[in-house]
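Taking it in order: structure first as structure tokens, then the write-up.
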Amino acid sequence: MKYENITPAVFLSRPNRFVAEVEINGQKKVVHVKNTGRCKELLIKGTEVWLTAPGTPGRKTKYDLIAVRKETGIIFNIDSQAPNKVVKEWLDKKDYSKVIPEYKYGDSRIDFYMEKQKENGQPERFLMEVKGCTLEIDGVGYFPDAPTERGVKHINELIKAKEAGYRAVLCFVIQMDGVKEVRPNTAMHQEFGEAMVRARQSGVEIVYMLTHVEPDELNIIEERRGYEE
């Protein structure tokens, strides 16, 4: 997944969760932040960031903030729309006979419905919910970085889908290099951690998508299965 019109900048402040102030060639600009999470450990004054200019008519801001270099030197993609896009690219390269985004199931829209043909000719049905991980602590990814009742609801839908005969998958896209697992951030949202435990016990598959990040690029390099500690 590649971006066009990449511009380097320096992060100054984040007045609210939707916008940030940055400096571009000595000029202060207000830009859109493509992530409503907290990102407090990333968006620190003076940090190197990258912007993209999508050119959408009628926008209040010209730029989207999509990547940041952490003090460790590692580049993080913080675009909350990127995980679904890069997973769609990944799934399209696999042997699924159907890949349908934004699939209505129960009271939710699950990110992907997929099918594979079994040897007996019957379709094997999959439901996959995708979460982007941008929080890293000591080389381990954590999710969420802010409370997410919506995330708990999606996990509960996956549990129901598993009980109904689907292959149910909770997929974490790790939006930084060097991290190979994601753990529930129970300190931030205990209910999400409890939902993940129920999901594992119910047979919901946990998948980690390892990525390589550049300022203008996010690519999946490996798919790993997650297991209980």
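Every number in this text was worked out from the coordinates using simple rules, so none of it is lab data. This is a predicted model, so every value here is computed, not measured. Cβ atoms come from the backbone with ideal geometry, glycine included; neighbour counts cover every protein chain shown.
Distance between the 7 Å Cα→Cβ label points at Asn120 and Lys70: 4.6 nm. Once the C-beta distance of Glu41 and Asn16 is scaled by a Förster radius of 25 Å, the resulting FRET efficiency is 0.85 to the nearest 0.05. Amide H contacts for Lys34 (H built 1.01 Å from N in the peptide plane; partners 5 or more residues away or on another chain; cut-off under 5 Å): Leu65.
Using Cα springs under 10 Å in a Gaussian network model of the chain, which residue among Ala168, Ala195, Ala187 shows the largest mean-square fluctuation? Checking each option, the largest mean-square fluctuation is seen for Ala187.
Selection among Ala9, Pro54, Tyr166 by position relative to the dipole of the chain gives Pro54 as farthest towards the positive end (Cβ unit charges, Cα centre). When both segment 58-114 and segment 172-215 are represented by their alpha-carbon centers, they are found 15 Å apart. Using a ≥ b ≥ c from the Cα gyration tensor of segment 10-85 (square roots of the eigenvalues), is it rounded, prolate or oblate, where a/c under 1.5 gives rounded and otherwise the larger of a/b and b/c decides, a/b for prolate? Because a/c hits 1.5 or more and a/b fails to exceed b/c, segment 10-85 counts as oblate. Compared with the alpha-carbon gap, the fully stretched path from Ala53 to Lys153 is longer by 32.7 nm at 0.36 nm per residue.
How do 150-160, 50-60 rank on mean C-beta neighbours within 10 Å, highest first?
Sorting 150-160, 50-60 by mean packing, highest first, produces 150-160, 50-60.
Each peptide in 134-146, 75-87 receives the mean, over its residues, of other Cβ atoms within 10 Å, and ordering these scores from highest gives 75-87, 134-146.
Counting only C-alpha contacts under 8 Å and six or more residues apart, can you give the relative contact order of segment 6-77 as a whole percent?
On the way: 147 pairs, mean separation 21.3, N = 72.
The value is 30 percent.
Calculate how many DSSP beta bridges within the chain are antiparallel, expressed in % of all such bridges and rounded to the nearest 5. Can you show the working numbers first?
On the way: 49 of 67 bridges.
Roughly 75 percent of the DSSP beta bridges within the chain come out antiparallel.
Extension gain for Lys85 to Ala146 (0.36 nm times residue separation, less C-alpha to C-alpha distance): 19.8 nm. Using R0 = 45 Å, the C-beta based FRET efficiency linking Tyr103 and Arg183 works out to 0.95. What Kirkwood hydrodynamic radius do you get for the chain when you take the inverse of the mean 1/r over all pairs of distinct Cα atoms, in Å? Taking the inverse mean of 1/r over all distinct Cα pairs, the chain comes out at 18.5 Å.
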